[in-house]
Amino acid sequence: MKNNKLLTVMLIILVTITLIGVVLFVLLTQFNKQSSALEPSIDEILESSVDVPEITTNLADGKFIRIQLTIQTDNPKAAKELQKRDFQTNNIIIEELSELTEENLKGKDGKTLLESTIKTRLNELMQEGEVVQVYITSYMIQ
């Protein structure tokens, strides 16, 4: 009798541990699928991005800047809208640059500030989506 009870308890514990392991495996597998689905592929990023042609303009301190940007949106419809708003995009970039000096744009922090300012200003205009990221692809101050 004692052997049967011990065997039954051990079998129940073994089945319980196995069941917990299977449930954890399934949950972790599903969680990894969801997190990888959130990250867009490079093709999706390119499909929802807009290249801004090189702009040359004055800075507040009299220096000249030549800059080229790529703007990533959250979907292809937003990218099409942003392409139509190219004159507004150029205007925002020129306005923001005209308020900055060479000193303001030095280092990573200055460029990050410019990118985030442009992103914020463009998102105020957007109706079909939003700007996710602004990338400086070419940059030169003279």
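None of the figures in this text is laboratory data; all of them are computed from the coordinates on show. All values reported here derive from a predicted model rather than from experimental measurement. Glycine gets a Cβ as well: all are built from the backbone with ideal geometry, and neighbour counts include every protein chain shown.
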For the stretch 60-142, which fully contained helices (runs of 4 or more DSSP H) count at least 2 residues that are under 15 Å from the mean Cα position of the chain (by Cα) and within 25 Å of residue 47 (Cβ to Cβ)? 76-84, 107-125
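Kindly provide the set of residues from the stretch 101-111 that are out of contact with any Lys or Arg (no Cβ under 8 Å at 6 or more places or on another chain) and closer than 18 Å to residue 54 by Cα, ordered by number.
Taking the stretch 101-111 first, the residues out of contact with any Lys or Arg (no Cβ under 8 Å at 6 or more places or on another chain) are 103-104, 106-111.
Listed by number, the list holds a single entry, 111.
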So which of 31, 64 ends up being surrounded by 12 or more Cβ atoms within 10 Å (Cβ to Cβ), among the aromatic types (Phe, Trp, Tyr) and over 23 Å from residue 133 (Cβ atoms)? 64
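Yes/no matrix, rows are residues, columns are (1) of a type outside the set (S, T, N, Q); (2) surrounded by fewer than 15 Cβ atoms within 10 Å (Cβ to Cβ):
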| residue | (1), (2) |
| --- | --- |
| 10 | yes, yes |
| 14 | yes, yes |
| 19 | yes, yes |
| 41 | no, yes |
| 78 | yes, no |
| 83 | no, yes |
| 86 | yes, yes |
| 91 | no, yes |
| 95 | yes, yes |
Restricting attention to the stretch 8-59, which residues are under 22 Å from residue 73 (Cβ atoms) and assigned to a strand (DSSP E or B)? 49, 50, 51, 52, 53, 54, 55
